[in-house]
Amino acid sequence: MSYWRTLGLSFVLFSAPAFADEPVQVPPELRSLSAAEVDARLADAERLLDDGELYGDLWWYGWTSFYAIGVVFQTVEVATDGNDSDGREADKIVGAVKATGGVVSQLIRGSATADGADPVRELPSATAEDRLYRLAVAEHQLRARAKESDGRFSLLRHGMNVAVNVAGAMIVWQGFEARTRAWRSAATGIAVGEIMIWTIPWYGRSELEQYEQRHNVRVPQGPRVSWGIAPSLNGASVQLRF
């Protein structure tokens, strides 16, 4: 199997779902608020959005840089080390593609936390309609942060992490008979991916709930899916919650 074929097969590894950038509209229920209520809710939403901005920056830029460095390192290794065995070189190619996938996934997903309330404050506020729209955008951002924090419990995201690394191991093992190297790389990749997922900014959901409680509102959002492990008669079971 040629290295170009290895590279082509490996590119299937980094497809991943992304958060959709939904258009923001002013919900009808916001139009019934007084000017004072709009100002109070907007100030609270902006404060919550600013909370944790530093950690959001560190997480998003840190992991994006980590994967970018991996791309450069693995690519340089492949290009400059002519004494590698076929299995080792294939492992580096797969590693470079997985790191590229990490960068692409981070760029596509973006971060709902890293910019804090800056996107809201950049909007005009001269008229009552402007401030209503700012509030709608702020609440939309609170929902996006809650959805982002729920990503820690996403079965799809954890499953994709395992599947990508197992697929990479299969390419190296079956194509180049480097079984030990293949599964060692898979174990390392899975561990790194799990650390990234579990360190996703976790406070978005609780901040949205705080906002709703303080203003006695329910910010409209899509269904929330989470999972957990619970004891059962025969051991343990995985439970999905909607």
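The values are calculated or read from the model by the stated rules, or taken from the named source; none is laboratory data. None of the values given here were measured: they were computed from a predicted structure. Note: ideal-geometry Cβ built from the backbone for every residue, glycine included; neighbour counts use all protein chains shown.
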ask   = Taking segment 182-195 only, how many residues are of a type outside the set (Ser, Thr, Tyr), touching a residue at least 24 places away in the same chain (Cβ under 8 Å) and buried (at least 19 other Cβ atoms within 10 Å of the Cβ)?
value = 3
key: Test result for GLY159, of a type in the set (Gly, Ala, Ser) and surrounded by 18 or more Cβ atoms within 10 Å (Cβ to Cβ)   = no
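Is it true that GLN213 is within 30 Å of VAL38 (Cα to Cα), free of Cβ contacts under 8 Å to residues at least 12 places away in the same chain and either assigned to a helix (DSSP H, G or I) or not charged (D, E, K, R) (or both)? Please lay out each step first, then the result.
Values: within 30 Å of VAL38 (Cα to Cα): yes; free of Cβ contacts under 8 Å to residues at least 12 places away in the same chain: yes; either assigned to a helix (DSSP H, G or I) or not charged (D, E, K, R) (or both): yes.
It is true that GLN213 is within 30 Å of VAL38 (Cα to Cα), free of Cβ contacts under 8 Å to residues at least 12 places away in the same chain and either assigned to a helix (DSSP H, G or I) or not charged (D, E, K, R) (or both).
One line per residue, one yes/no per condition, for (1) among the hydroxyl-bearing types (Ser, Thr, Tyr); (2) at pLDDT below 95; (3) part of a loop (DSSP other than H, G, I, E, B):
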residue	(1), (2), (3)
GLY87	no, yes, no
LYS92	no, yes, no
VAL97	no, yes, no
GLY102	no, yes, no
SER105	yes, yes, no
ILE108	no, yes, no
SER111	yes, yes, yes
SER125	yes, yes, yes
remark   = Looking across segment 71-115 at residues that are closer than 17 Å to ALA186 by Cα and charged (D, E, K, R), the single one that is surrounded by the fewest Cβ atoms within 10 Å (Cβ to Cβ) is ARG88
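If the requirement is being out of contact with any His (no Cβ under 7 Å at 6 or more places or on another chain), more than 23 Å from LEU49 (Cβ to Cβ) and assigned to a helix (DSSP H, G or I), which of these qualifies: LEU132, LEU142, LEU156? Give the steps one after another, and end with the answer.
Numbers: LEU132 fails: more than 23 Å from LEU49 (Cβ to Cβ); LEU142 fails: more than 23 Å from LEU49 (Cβ to Cβ).
Unique residue meeting the criteria: LEU156.
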